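A quick write-up on the structure given underneath.
Read the figures in this text as sums done on the coordinates, not as results from a lab. All values reported here derive from a predicted model rather than from experimental measurement. Positions of Cβ are generated from backbone atoms using ideal geometry, with glycine treated the same way; all protein chains shown enter the neighbour counts.
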2 protein chains.
Amino acid sequence: MYRTHTCGELRIQDVNKHVILCGWIQRSRDLGGMTFIDLRDRYGITQLVFNMETNAGLCREARKMGREFVIQAEGSVAERSNKNPKMPTGDIEIMVEKLVVLNESLTPPFTIETETDGGDELRMKYRYLDLRREPLRNNLWLRHRMAFEARHYFNARQFIEIETPVLIKSTPEGARDYVVPSRINPGQFYALPQSPQTFKQLLMVAGYDRYVQIVKCFRDEDLRADRQPEFTQIDCEMSFVGQDDILTMFEGMIKHLFKTIKGIELKDSFLRLSYEEAMEQYGNDKPDIRFEMKIAELTAIARGKGFGVVDSAPYTGGICVKGCSSYSRKQLDELTEFVKRPQIGAKGLLYVKYETDQSIKSSVDKFYATDDLKKWVDCFNAQPGDLILVMAGEKLPTLRALSELRLEMGNRLNIRSKEVFKPLWVIDFPLLEWDDEANRFFAMHHPFTSPKQEDISLLDADPGKVRANAYDCVINGVEVGGGSVRIHNENLQKKMFRVLGFSDEEAERQFGFLMHAFRYGAPPHGGIAFGFDRLVSLFAGEDSIRDVIAFPKNNAARDVMIDTPSEISDDQMKELSIRIERMKD
Amino acid sequence: MYRTHTCGELRIQDVNKHVILCGWIQRSRDLGGMTFIDLRDRYGITQLVFNMETNAGLCREARKMGREFVIQAEGSVAERSNKNPKMPTGDIEIMVEKLVVLNESLTPPFTIETETDGGDELRMKYRYLDLRREPLRNNLWLRHRMAFEARHYFNARQFIEIETPVLIKSTPEGARDYVVPSRINPGQFYALPQSPQTFKQLLMVAGYDRYVQIVKCFRDEDLRADRQPEFTQIDCEMSFVGQDDILTMFEGMIKHLFKTIKGIELKDSFLRLSYEEAMEQYGNDKPDIRFEMKIAELTAIARGKGFGVVDSAPYTGGICVKGCSSYSRKQLDELTEFVKRPQIGAKGLLYVKYETDQSIKSSVDKFYATDDLKKWVDCFNAQPGDLILVMAGEKLPTLRALSELRLEMGNRLNIRSKEVFKPLWVIDFPLLEWDDEANRFFAMHHPFTSPKQEDISLLDADPGKVRANAYDCVINGVEVGGGSVRIHNENLQKKMFRVLGFSDEEAERQFGFLMHAFRYGAPPHGGIAFGFDRLVSLFAGEDSIRDVIAFPKNNAARDVMIDTPSEISDDQMKELSIRIERMKD
C-alpha cells in the first residue's frame, strides 16, 4: 500500500501518529516560512504542512508542485493551532517529513472546485477531471449506495437478480432500437433492449416469481433534454400478485431508500390518484403534490354571462394562488405571456383578485358581477388575499396549460423545495391512446399491459375507454417508475395485438415466443421499472440525469471524451456484410 | 396476494393452519380413493391431497388437471402418515378444500425433472420451461447470491460500483467488437465493450481509487466450447496499490465467496506461482493443483544412451502416477493414443513401471539399463507401484502435452473432485507474445499492463523477455480472473504502443483520450476482472457456463427461443444509413 490512511479519516485522537497519505494537490499556500498544501482524495481533504525553518529542502520541493500533482506524503499528525470546524479533518494537519511525487499534472483546463469555471463541453471532454469535483463525487457515491440499498431490500424479500440478455431481437413497437449486425449470420441483426420486458415475463412463466435487475437499457431517440441513449432501470416483476400487492412492495422499496439514504421516514401510505383524478385536479399525470393549488372546474358557473371566450369553450378552469392578490399589472402580464408561449399555447389568462379587504377585482368585470365572481371565489374556497387564475378552451390542452401555470406559481412562491419529497401512485391509466397520424391506437404503457377485467368488454366497442391495470410512481412531479399487471393469457394477448393493428402473422413473428410461453402454465404476474438515473438525480437534488452518470453522452448522443461514435474500418464492415449508404436529401 | 405461503415453507409446526398455495403441478397420482398432487414453485414442493370420500367433486376436478397447470389451492395443513424425509416439506400435506386453475398448460415438450428427456436444442427453444428444472433454478439462485455477496464484500471496503458506458468506441486491438450504427451520426458506429478497461482506468485518474462493477461485456468471436457473445465480469480497479495489495484484496473476495456461499473456509494464503514455474511444473499457466503429479525434467539424465528420440529432443520430461505400475499394455496403449490425438499432437509416450517388488520395467529397456532408469525413478521420488510417463520433443509443446496427460491421469484416478477447491495465483506473466502470422508482438494481457520495473530496459533489447506485473487467479485448472498493475505514465504507454507496432498517430487516434488523461495526475493503479459466469459454474459444479446463464445463445450465437439475430426492415436500415452487402465466396 502506498498509504496508511485516506485524506478523510484523521482526527484529533490520531495526533502523533506516523502516517502516509496519497492524493491530489487541491491548493497550495506559501505563508512566509510555511507552506500549506490541501491534499485531496475521494474521502476528503487533509492539510499538509512544510516548514522552511525545520526542513528548507522539503519545503522548497513542496513549493514546486502544482495543482493536481499526485503525491505521497509521510509525516506525523499534529493538532492545528487554527482549527477549521467546516472540515471533518479540520482539527489536525500533517507535519510532512517525506514527499514523493507519484505523478505530475499539467494545469487542468478548468478548476477542480465545487463551483468550477469550466463550460459544459469542456467538462464533458475532460470528464475524468470533472469527476474529481466534489458534487459529482457525491452523486456517484449516492448512486452506488442507492443501488446497494435497493438490492438489499429486494434480497431480503427473496427477489432474485437475473441478468437478461443485451443482444436481443428488434421489434418496431415502441421507440427506435439500436441494432447490432451479426457477423456469423450475415444480413441479420441483434437489437439492444429498450427494456427486459419480455424476458422478465418469461422468467415469470419459468416460475421465478420475484425478479429484479438493475440493468442498462437503450433507446435510439432524438435526444431531448435529459434523455440518454443508454439509461439504467431497476426492473422488477412478481407472480401471484395483484396491483395492490405490487404497489405495496415497491412503495416499500422507495420508503427504504428514503430512510437509509436520506434519513427521511415516509410514514403514510402513498396517495393513490386515478389518472382521471390526476388530470382533473392537476392537469398532469405526474402531479407535483408538494403543494396543493388544485385545479377547479368553472365551466358551468362561468357560462351564460355573455363572455364569448368562456361560453364557446368546452372547459373553463383555474387555480387559486394563496396570498397573491397583490400581484401587479406587470406580474399578471408576465403570467399571461408565460401561458401564451408556444410550449404552452394558451390563448389568454383571466384573473380574479380576492383582495384582503374582501373586494373582488378581475379582468372580466365587464361580463361578471361581483356576485358571479363570488361564486368563483367560493369554488376555490379562496381567502381574502388570494389570486385566482383562469383559462378556457378545449379541455385537455387547458388542463395542461393550467398545470404549467400551477408549477410556475409553485416556483414563484418557492413551495417546491428540493428537500421535501411527496411520492404518490397514479393508477387506472387508459389502456390505449389514439394516434391521429398513424390512424390507430397505441398502447399507453406497452402491449403487454392487462386491461381492467370489468373493461374487457369495451375492447371491441370502445377501445379508448378501456382502463388498464397500469400505474406510475411519481415524486415531486417526476415519474420515477411505471408498471402494470400483465396479460398472461394467449388469447387476450392476441386480441390486444389486433386492437393495436397487428396482423396475426406480424404478432406471431414478433412476439410468438411470448404467446407460446403463455400456453405452458403462465402465472398471473405484473411488475414495474424505475428510472434509476432519475431516481438518483431526484435524491441528489440535481436537475439533469447527466450529473448522476459517470460518462454521459451529449445531446448529439456523442461521447466527446473518447470521441465516439466514430468510423470503423472497411474490413470490419466487410466482415459484417454491411456498407454505408449516405442518404441524399 | 394469491397465496399465504410458498410451496417450500410449511413444516410440522404449521399443522392445522389454513393456507393458500400457488404453483405448478409437478405430478399427480390417483390411489383409489385419493389423489395426490405435488405442487411446485421456486421454493420447493408441497403435497396436496384430495379425497374421493369427503369431496368427490373437488377430487374429480383435481384429476382433470395435467402437468404444469398453474393452480391455487386452499386448505389446511395436516401431518402426513407417510412422511418423506428427503423433502423439507415432507412431514406435511395440504387437505385441499378449494381449487382454482389459474392457467392451463399444454403437455411440455420435455419433462420438467432434474434428469430431463429433452435434447439441448429443444430445451434452448423452450428455455422458459427448462428454467423450471431444479438444477437451473439452483444455479440462478447461486448466481444471485454470489453477485450479492461479492457486492457486500466490496461495499464493506469502500469500493464504489460505477456503471461505465455500453456504447463506446471500436478499437481493433484484441478480439472483434460488436458495433452499433449511429443514426444521428451517419456512417459512424459505437462498439460494445469487450471490457470497461479504459473507463476504469479513467476512473482511477478521476480519483475513485476503489472501483467495482458487475458488468456485461461483449466479444464477437467464433464460438468455441463455452464462450458466449455476451458474458459477465466482476470488474475491479484500485489506486495507490502494488501487486501484493491487489492480490490480497481479491484473494479476500474469493475466500469470502467460498465461506458465505459454500461454507468452505480457505485458511491459507493462495499459492503464488510464477508463469515460468507453472509451465515447468504443470505445463500449464492455469494449473489444476488439486493433485500433485508435477512434471519433472529428464532432459540431461535421459540423453547420451543412444535413444535417438530423446537425444535429438530439446526437452524430455514426465510425470509420476501413484500406484499405477500395474497398468496393462492395453491401458498404456490407450494413453499413447490419447497423447497422439491431433488436439495434443505428441509423437509418442514412454513409460517406466516401478513395480511393487521394486523391479523396473519400461518401454525403453533397449536403451536404458536398470541403473539409468533408477535415476529417472529417483527424479520423481517415485515409490514402488508408481508409473512414470515420459515424453520428449520441443519444450513448450511437450510440456503442454504432459499437462494434458497429467489432467487425464487425474480424471482416471478420480482425484479432481468437484467438491475440492484449490485456488492459486499465477504471476509474472511475460508482457508480450510473438505472433508469427502478424510478425509482431501482441500484449499477452493487454496494452495497458505495466512491465516489471527491472525489465523495462529490455523493452528495446529483447521485448520477449520482459515480464509483466500481471497475474491470473486460477481455481481447479480454470482461469477465473486476470489482471495487472497498469501503466500510468504517458511516455511508457506510448512506448508500449510502439513495441506493439502502433504508429504514434494510430495510438493517438485510438487511445489518445487515455494518454491525455495520464497528463493530469494519474495515480499508480491496477486491477483485475473475474469471469463471473465461469466462477459461478465452478461453484455450481457445472461444466458449461450456459448452465448458469438464464438465456444463453447457442454455438452459432443465436437465441433460438426468441429467434434472433433476425432481419430488420429496410426503413430501419435506411435510417441508419447502412445497407446489407452479402459476400460472394
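Note on B:100-106: average number of Cβ atoms from other chains within 10 Å of each residue's Cβ is 5. Bridgeable aspartates and glutamates around A:Lys452 (alpha carbons under 13 Å apart, same-chain partners fewer than 8 residues away excluded): A:Asp428. For chain A, the extents of the C-alpha atoms along the principal axes are 92, 77, 55 Å, listed from largest to smallest.
Take every Cα pair under 8 Å whose residues are at least 6 apart in sequence, average their separation, divide by the length of chain B, and the relative contact order is 12 percent.
Of the residues B:Lys255, A:Lys347, A:Lys200, the one with the fewest other Cβ atoms within 10 Å heads the list, and the complete ranking is A:Lys347, B:Lys255, A:Lys200.
For segment A:517-565, just say rounded, prolate or oblate: build the C-alpha gyration tensor, square-root its eigenvalues into a ≥ b ≥ c, call rounded for a/c under 1.5, and beyond that prolate if a/b exceeds b/c, oblate if not. Verdict is oblate for segment A:517-565. Below 13 angstrom from the Cβ of B:Ser417, what's the summed charge of the other residues (Lys, Arg +1; Asp, Glu -1)? In short, +2. Anything over 19 Å Cα to Cα? Flag those among B:Lys259/B:Lys418; B:Lys17/B:Lys98; A:Lys294/A:Lys322; B:Lys305/B:Lys375; A:Lys255/A:Lys322, in the order listed. With Cα atoms farther than 19 Å apart: A:Lys255/A:Lys322. Restricting things to alpha carbons, find the Rg to Rh ratio for segment B:316-412 using the Kirkwood radius for Rh. My calculation puts Rg/Rh at 0.94. List residues of segment B:161-175, by number, whose backbone nitrogen lies under 13 Å from a label position 7 Å along Cα→C-beta of B:Phe442. Within reach of a label on B:Phe442, which here means backbone N under 13 Å from a point 7 Å along Cα→Cβ, segment B:161-175 contributes B:172-175. Round to a whole angstrom and tell me the spacing of the C-alpha centers of segment B:340-406 and segment A:357-408. If you average the Cα positions of each part, the centres end up 101 Å apart.
Within the protein assembly as shown, antiparallel bridges make up roughly 90 percent of the DSSP beta bridges whose residues both belong there. The Stokes-Einstein estimate for segment A:342-391, based on a Kirkwood radius over Cα pairs and taken at 25 °C with 0.890 mPa s viscosity, is a diffusion coefficient of 216 µm²/s. Please work out whether segment B:211-324 counts as rounded, prolate or oblate from its C-alpha gyration tensor, where a ≥ b ≥ c are the square roots of the eigenvalues and a/c under 1.5 means rounded, while otherwise a/b larger than b/c means prolate and anything else oblate? Here segment B:211-324 falls in the prolate category. Relative to the longest principal axis of the Cα atoms of chain B, the long axis of helix B:395-412 makes an angle of roughly 30 degrees.
For segment B:246-299 versus segment B:444-470, the inter-centroid distance based on Cα atoms is 24 Å. Using just its DSSP H runs of length 4 or more, each adding -39500 (n - 2.57), the protein assembly as shown gives a mean residue ellipticity at 222 nm of -8500 deg cm²/dmol after division by all residues. Average projection, convex hull of the Cα set of segment B:465-577: 12.5 square nanometres. Counting every C-alpha pair in segment A:414-520, the share spaced more than 18 angstrom apart comes to 55%. Peptide B:132-142 has a mean of 2 when you count, residue by residue, the C-beta atoms of other protein chains within 10 Å of its C-beta.
Take every pair of alpha-carbon atoms less than 8 Å apart whose residues are at least six positions apart; their mean separation over the length of segment B:12-103 yields a relative contact order of 32 percent.
A simple rule links phi to the HN-Hα coupling: the Karplus curve 6.51 cos²θ - 1.76 cosθ + 1.60 with θ = phi - 60°, which for segment A:38-53 gives 8, 9, 10, 9, 4, 9, x, 10, 10, 8, 9, 10, 10, 10, 4, 6 Hz, with x for Gly and Pro. Taking Cα centroids, how far is segment B:517-566 from segment B:140-218 in Å? Answer, in whole Å: 11.
Over all projection directions, the Cα-based convex hull of segment B:77-232 averages an area of 17.1 nm².
Peptide B:237-243 has a mean of 4 when you count, residue by residue, the C-beta atoms of other protein chains within 10 Å of its C-beta. Dimensions of the protein assembly as shown based on its C-alpha atoms, expressed as ranges along the principal axes with the largest first, amount to 128, 102, 68 Å. Computed from the C-alpha gyration tensor, the three semi-axes of the ellipsoid equivalent to segment B:256-315 are 39, 10, 9 Å, from longest to shortest. Taking every alpha-carbon pair in segment A:1-120 and binning the separations at 5 Å intervals from zero gives 2, 12, 22, 25, 20, 12, 4, 2, 0, 0 percent. Taking other C-beta atoms within 10 Å as the exposure proxy, B:Glu419, B:Glu93, A:Glu575 rank B:Glu419, A:Glu575, B:Glu93 from fewest upward.
In order along segment A:368-379, the phi-based Karplus estimate (6.51 cos²θ - 1.76 cosθ + 1.60, θ = phi - 60°) of 3J(HN,Hα) comes to 10, 6, 4, 4, 4, 5, 4, 5, 4, 4, 5, 3 Hz; Gly and Pro are listed as x. Taking other C-beta atoms within 10 Å as the exposure proxy, A:Phe258, A:Phe240 rank A:Phe258, A:Phe240 from fewest upward.
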